[in-house]
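Here's the structure, in structure tokens; my notes come after.
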Amino acid sequence: MRIRDWDRALKVRLFGEFFSNLSFWMVFPFLAIYFADEFGTSMAGILLVVSQVFSVGANLIGGYCADRFGRRTMIFLSATVEGIAFILFAFANSSWMDSPIVSFIAFTIAGMAGSFYHPASQAIVADVVPEQARSSVFSVFYTSINISVVIGPIVGAVLFFQYRFALLLVAGIIFILVGIAIRFLTEETLPAEVREQLKNSGNNSWIQVVVNQIKAYGLIVKDKVFFLFVVAGILLAQTYMQLDMLIPVYMKDVIDVQVLGNLFGREWTVTGEGSFGILLSENGLLVVLFTVFVTKWMTKYPEKSVFFLSSIMYAVAMLIFPLTANFWVFLFAMAVFTLGELMTVGLQESFVSKLAPEDMRGQYFAAASLRYTIGRTIAPLVFPLVAWIGFTWTFVILAILAVLSGVIYLITFKEYNKRQNEISA
């Protein structure tokens, strides 16, 4: 499905979200450094956990709000609130005010607003795109996000630390403009029958929605294979979530100003913040360039081997980082890290669909998201761990968790094959 054939709501969303994502990736990767500098590594970890708990709570009812109040309304409100939060964040880092506490509050509000935004944004695709064309539409948005990941951190490495107020202010204005554009340039896409069905279901309370979501997640303890899959995913999340948490703080700590070499008669140097921005852009660029290739490559091998080796790649990357303070070695470590990411990017959801009974696919996919929600909630605890045992042993523990995840994946597929054999018998 070509972009020119898209519904206007999708075109406006693609254009607007590219700039909002670009603004986000100029800011988000450096927040761990910012909070660690302002509060110390231990307190920063605790605060980030608290922030994620609020975001998880918002995520539980985000889909309900999109169905209850409409996609357009929720995007407008969420983007506007997120924009106001960024503007508040800007003024908390201005000549008028210097308040890390207000900055944290603004960051938390922005995270919650984002949790309300994304379910409504994704639902628009399901509303206006035929099922057979949805994967191509989602791939365009995925590519757009990764382009912003390539550009954003490099620019943000300079702007966030030297022109923070202006960067945050402009980011806030962009989020508000995106919300306004969706509100006034598009039509509501929520099907009337969906809203009517929600009204007639008797589940009109957001509290009831949360209760129902939690009950649905209870299925993971009943399905042994699925339970193991989710546990392995949560453990592995402790490694790849560190791309936004431990790794930037570590690189700032070990790299002050490092000489990369001489070229065109000039000595090229990089700071800790700048080096992390480059690494994050490397990750995004490799994802854009090699996702399709690696996905096709991995389909030639048994799934259990791919999942296990993906975990090992993450473990190897975690062990490389603390070995040196050399930027070029960090580039290699990030390449290994990204290979681990790409190996399973096309297999994760496919395996969930295999496990899910046809009448419970929605619940299974919702429960599968616990790999990320629980993983992201736990991941900031590495900061108190660093304060206790240091960076090197923290990376070692993360590598051990990744290996343990790989072992659990092997057990998962052993149980899955046993189940399949019982069914066929």
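The values are calculated or read from the model by the stated rules, or taken from the named source; none is laboratory data. Since we're looking at a predicted model, the values are computed, not measured. A quick note on method: Cβ atoms are made from the backbone with ideal geometry, for glycine too, and the neighbour counts reach across all protein chains shown. When the accessible area is computed, the model is the full protein with side chains, heavy atoms only, and any ligands, DNA or RNA have been set aside. Shrake-Rupley method; radii C 1.70, N 1.55, O 1.52, S 1.80 Å.
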*Evaluate the charge dipole of the chain about its Cα centre and quote only its size in Debye, nearest 20, assuming +1 on the Cβ of each Lys and Arg and -1 on the Cβ of each Asp and Glu.*
760 debye
*Give me the distance in nm between label points sitting 7 Å out from Cα along the Cα-to-Cβ direction at ARG8 and LYS300, one decimal.*
4.8 nm
*How far, in nm, would the chain grow between THR324 and ASP256 when pulled straight, counting 0.36 nm per residue and subtracting the alpha carbon separation?*
23.1 nm
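Ordering ILE147, ILE182, ILE174 by accessible area with a probe of 1.4 Å, largest first, what comes out?
Largest accessible area first, the residues go ILE147, ILE174, ILE182.
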*Roughly how many nanometres apart are two label points built 7 Å out from the Cα toward the Cβ at TRP393 and GLN132?*
6.0 nm
*asked:* If I model a spin label as a point 7 Å beyond the Cα along the Cα-Cβ vector, how far apart are those points for ILE180 and LEU381 in nm?
replied: 4.4 nm
*Hey, got the dipole for segment 1-132? About the Cα centre, +1 on K and R Cβ, -1 on D and E Cβ, debye to the nearest 20?*
460 debye
*Compute the accessible area per residue over the chain, keeping the other protein chains in place, probe 1.4 Å, unit Å².*
46 Å²
*For PHE332, PHE383, write out the residues from largest to smallest accessible area, computed with a 1.4 angstrom probe and no ligands counted.*
PHE332, PHE383
_For the chain, what does the helix formula give at 222 nm: sum of -39500 (n - 2.57) over DSSP H segments with n ≥ 4, over the residue count, nearest 500 deg cm²/dmol?_
-27000 deg cm²/dmol
*For SER99 and VAL158, FRET efficiency with R0 = 22 Å and r from the beta-carbon atoms, rounded to 0.05?*
0.40
*With a 1.4 Å probe and all protein chains in place, put THR324, THR344 in order of accessible area, largest first.*
THR324, THR344
*Say the dipole of the chain comes from +1 at the beta carbon of Lys and Arg and -1 at that of Asp and Glu; which of VAL270, GLN242, THR295 then lies farthest toward its positive end?*
THR295
*Compute the FRET efficiency between ARG266 and GLU187 as 1/(1 + (r/R0)^6), taking r as their Cβ-Cβ distance and R0 = 51 Å, and round to the nearest 0.05.*
0.40
*So how much accessible area does VAL345 have, in Å² to the nearest 10, using a 1.4 Å probe?*
60 Å²
